[in-house]
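One structure below.
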Amino acid sequence: MSRRTPTGAAVLQPQVTEAITEAVLDELAENGYARLSMEAVAKRAGVGKSALYRRWPSKQEMAMGVIRAYSIAMISVPDTGTLRGDLRASLGVLTQWLTHPRFARILPDLVAEMARDPELGEVVGLLAGEPKRERTAEIFRRAVERGELPRDTDIDLALDLIAAPVYWRLAVRAAEPGPTYLDDLTDVLLRALSATS
């Protein structure tokens with residue numbers, strides 16, 4: 001006998017998932033991770049708690065799943081044909097991500113929670129940080145293949161070099177990047193990486 005296609009409550013309807021996702025992000029932005037609850041998300045999304053539990057077994061997995069999908073969707077990996085072009089484009093995307101009105105409120109709270117809960121920090125790194133870093137690493141692999149970077153380039157360190165200055169300026173110092181900041185930073189990164197372009 002062939003299995004019947006599930007209907008009704010057994011189907012994860014995209015519009016319900018989208019409403020829940022928006023509710024999770026709004027709750028995180030307004031109330032923070034510590035006060036996030038399945039009840040509050042369900043109420044805001046206009047669904048029953050069972051709709052959440054069909055998608056995620058816990059608050060942590062719900063929050064991390066939503067943040068991961070949201071973050072990765074905002075991080076593109078440009079291929080401009082040059083390391084300089086790729087770096088500049090990536091810095092622009094990173095800046096947009098860090099200054100997004102909602103995520104700019106979520107990230108500082110999440111970082112603070114990670115400091116209090118090392119296990120949460122590991123989960124955030126695994127589910128949100130690593131996939132994004134893996135995507136961005138393509139920039140450096142392509143540069144190595146083009147001969148713009150030496151084959152022994154430390155890609156892990158290079159990834160830190162991209163993110164750290166922008167995060168420090170925007171999230172820690174709360175300073176505006178300024179009209180030439182990303183261009184100037186691109187030039188500094190190229191020199192630091194001993195690029196030939």
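The values are calculated or read from the model by the stated rules, or taken from the named source; none is laboratory data. If you're wondering where the values come from, they're calculated on a predicted model, not measured in any experiment. Cβ: placed from backbone, ideal geometry, glycine included. Neighbour counts: every protein chain shown. Areas reflect the complete protein model, heavy atoms only, side chains present, ligands, DNA and RNA absent. Shrake-Rupley method; radii C 1.70, N 1.55, O 1.52, S 1.80 Å.
General remarks:
- Segment LYS43..ARG191, full-extension length gain: 48.1 nm, with 0.36 nm per residue of separation and the alpha-carbon distance subtracted.
- Approximate shape of region 50-104 as ellipsoid semi-axes (Cα gyration tensor, √5λ), whole Å, largest first: 32, 12, 7
- Sorted peptide list for 65-74, 21-30, 147-156, criterion being average Cβ within 10 angstrom, highest first: 21-30, 65-74, 147-156
- Mean separation of Cα contacts under 8 Å, 6 or more apart, over the residue count of the chain: relative contact order %: 22 percent
- Put a dot 7 Å past the Cα of ILE72, heading toward its Cβ, do the same for ARG116, and the two dots end up 2.9 nm apart.
- Around TYR70: net Lys/Arg minus Asp/Glu count, Cβ-Cβ under 15 Å: 0
- Considering only GLY147, ALA69, LEU94, the residue lying farthest towards the positive end of the dipole of region 35-155 is ALA69, judged by Cα position with unit charges set on Cβ.
- Computed over protein heavy atoms with a 1.4 Å probe, the accessible surface of the chain works out to 56 Å² per residue.
- Translational diffusion of region 73-147 was estimated from the Stokes-Einstein equation, with Rh taken as the Kirkwood radius over Cα pairs; at 20 °C and 1.002 mPa s the coefficient is 155 µm²/s.
- Full extension of the chain between GLN15 and TYR53 yields a length gain of 12.1 nm, computed as 0.36 nm times the residue separation minus the alpha carbon distance.
- Mean residue ellipticity (222 nm) of the chain, computed from DSSP H runs ≥ 4 via -39,500 (n - 2.57), nearest 500: -20500 deg cm²/dmol
- Using only alpha carbons, region 59-197 has a radius of gyration to Kirkwood radius ratio (Rg to Rh) of 0.98.
- Modelled spin labels at ARG151 and ASP183, positioned 7 Å past Cα toward Cβ, are 3.6 nm from each other.
- Taking a point 7 Å out from the Cα of ASP79 in the direction of its Cβ, the residues of region 116-155 whose backbone N falls within less than 19 Å of it are 132-149.
- Computed from phi, the 3J(HN,Hα) profile of region 166-175 under the Karplus parametrisation 6.51, -1.76, 1.60 (θ = phi - 60°) reads 5, 4, 4, 5, 7, 8, 8, 7, 6, 9 Hz, with x in place of Gly and Pro.
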